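The values are calculated or read from the model by the stated rules, or taken from the named source; none is laboratory data. It should be emphasised that the depicted structure is a prediction, and the values quoted were computed from it without experimental measurement. Every residue, glycine as well, gets a Cβ built from its backbone with ideal geometry; the counts of neighbours run over all protein chains shown.
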Amino acid sequence: MSGRALIVIDVQNEYFPGGAWALPHAERALPAILALMEKARGRGDAVVVIQHVAPEGSPVFARGSPGVLLHGALPAGKGDPLFEKRHPSSFQGTGLGAFLTQQRIEALDLCGFMTQMCCDTTAREAYAAGFAVRMFSDAMAARDLVYEGQTVPHEMVHRASLATLARFAKVIPSKDA
C-alpha cells in the first residue's frame, strides 16, 4: 500500500434522483468517482469510504432509510474501510485519523458530496493535520444555497468552494489523478 488514500465522501442515495437532497450534478460526478476508485486501487492506494448517518429523528440520512445507503454503483465487496460519520468532517468521531496513521498515509485524495460541506470540512482538517490534499473538481457536487434571501446556484457554490479550497488542497480534474 502506498502513502496515499482516496477518501470517498458520502456517495449515498440521498444525493441522487429520488433522494431528499438530490444534487443537480451528482450523476455527472459519479463516473469520475468510480474512475478514481479504480485508479487508486490500480496504484495500490487505500480506498476509504465515508458514510453519513444522521442522528435519530433526522429527515435525511436516517439510519435504515434508502437515502442513507451507499449508491449501488460503488464497488461492493472490495474490503474498503468504511467509516460512519455524524458530522461534516470525515475525521470527527470516526477513527479515520487513526486508520491513516496506522497505514502510514501522508497524502489524501478527496471526492464525493457535498463540495461546500463535507468535502470542504474534510479537506481543511486534513490540511491542518499535515496531509497533502488533492481534490477532484469533477468528482464532487454542490447544492443551491440561499443567502440573504437570494439563491446562490449550485455551480457557483461548487466553483467558489473549490477556489477557496485551493489554498489548502491541489484542485484538479480526475483525469489528472
Original post:
Just wondering, is there one or more residues in region 9-27 that are in contact with a helix residue (DSSP H, G or I) (Cβ under 7 Å, 6 or more places away or on another chain) and over 17 Å from Ala141 (Cα atoms)?
Top reply: no
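Every residue, every condition in (1) of a type in the set (Phe, Trp, Tyr); (2) loosely packed, with under 14 Cβ neighbours inside 10 Å; (3) in contact with a helix residue (DSSP H, G or I) (Cβ under 7 Å, 6 or more places away or on another chain), yes or no:
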| residue | (1), (2), (3) |
| --- | --- |
| Gly93 | no, yes, no |
| Arg124 | no, no, no |
| Arg134 | no, no, no |
| Thr151 | no, yes, no |
| Ala169 | no, no, yes |
Original post:
Which is under 21 Å from Ile172 (Cα atoms) and over 17 Å from the mean Cα position of the chain (by Cα), of Ala128, Ala123, Ala139, Ala98?
Top reply: Ala128
Original post:
Using beta carbons and a limit of 9 Å, which pairs, at least six apart or on different chains, have the first residue in region 124-146 and in a loop (DSSP other than H, G, I, E, B) and the second one aromatic (Phe, Trp, Tyr)?
Top reply: Ala129/Phe91; Ala142/Phe113; Arg143/Tyr15; Arg143/Trp21; Arg143/Phe113
Original post:
Among the candidates Phe83, Phe113, Phe136, which residue alone is at pLDDT 95 or above, among the aromatic types (Phe, Trp, Tyr), touching a Cys at 6+ places or on another chain (Cβ under 6 Å) and closer than 23 Å to Ala29 by Cα?
Top reply: Phe136
Original post:
If you take just the strands (runs of 3 or more DSSP E) that sit entirely in region 1-100, which of them hold at least 2 residues that are free of Cβ contacts under 8 Å to residues at least 40 places away in the same chain and within 18 Å of Cys118 (Cβ to Cβ)?
Top reply: 82-85
**OP:** Could you run through region 41-81 and say how many residues are buried (at least 17 other Cβ atoms within 10 Å of the Cβ), touching a Lys or Arg at 6+ places or on another chain (Cβ under 8 Å) and among the charged types (D, E, K, R)?
**Re:** 1
**OP:** Within region 13-67, work out how many residues are of a type in the set (Asp, Glu) and under 24 Å from Gln103 (Cβ atoms).
**Re:** 2
**OP:** For region 81-128, enumerate the residues that are closer than 23 Å to Gly44 by Cα, of a type in the set (Gly, Ala, Ser) and out of contact with any strand residue (DSSP E or B) (no Cβ under 8 Å at 6 or more places or on another chain).
**Re:** Gly97, Ala98
Original post:
If you check Thr151 against the conditions, is it under 24 Å from Tyr15 (Cα atoms), in a strand (DSSP E or B) and not aromatic (Phe, Trp, Tyr)?
Top reply: yes
Original post:
What is the residue count in region 130-171 for residues that are within 26 Å of Ala22 (Cβ to Cβ), of a type in the set (Val, Ile, Thr) and touching a Phe, Trp or Tyr at 6+ places or on another chain (Cβ under 9 Å)?
Top reply: 1
**OP:** Hey, can you tell me all the residues within region 162-174 that are without any contact (Cβ under 8 Å) to a residue 12 or more places away in the chain and either touching a strand residue (DSSP E or B) at 6+ places or on another chain (Cβ under 6 Å) or basic (Lys, Arg) (or both)?
**Re:** Arg167
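Quick one: would you say Cys111 is in contact with a Leu (Cβ under 6 Å, 6 or more places away or on another chain), in a strand (DSSP E or B) and surrounded by 21 or more Cβ atoms within 10 Å (Cβ to Cβ)? Talk me through it step by step, then tell me what you get.
Working: in contact with a Leu (Cβ under 6 Å, 6 or more places away or on another chain): yes; in a strand (DSSP E or B): yes; surrounded by 21 or more Cβ atoms within 10 Å (Cβ to Cβ): yes.
It is true that Cys111 is in contact with a Leu (Cβ under 6 Å, 6 or more places away or on another chain), in a strand (DSSP E or B) and surrounded by 21 or more Cβ atoms within 10 Å (Cβ to Cβ).
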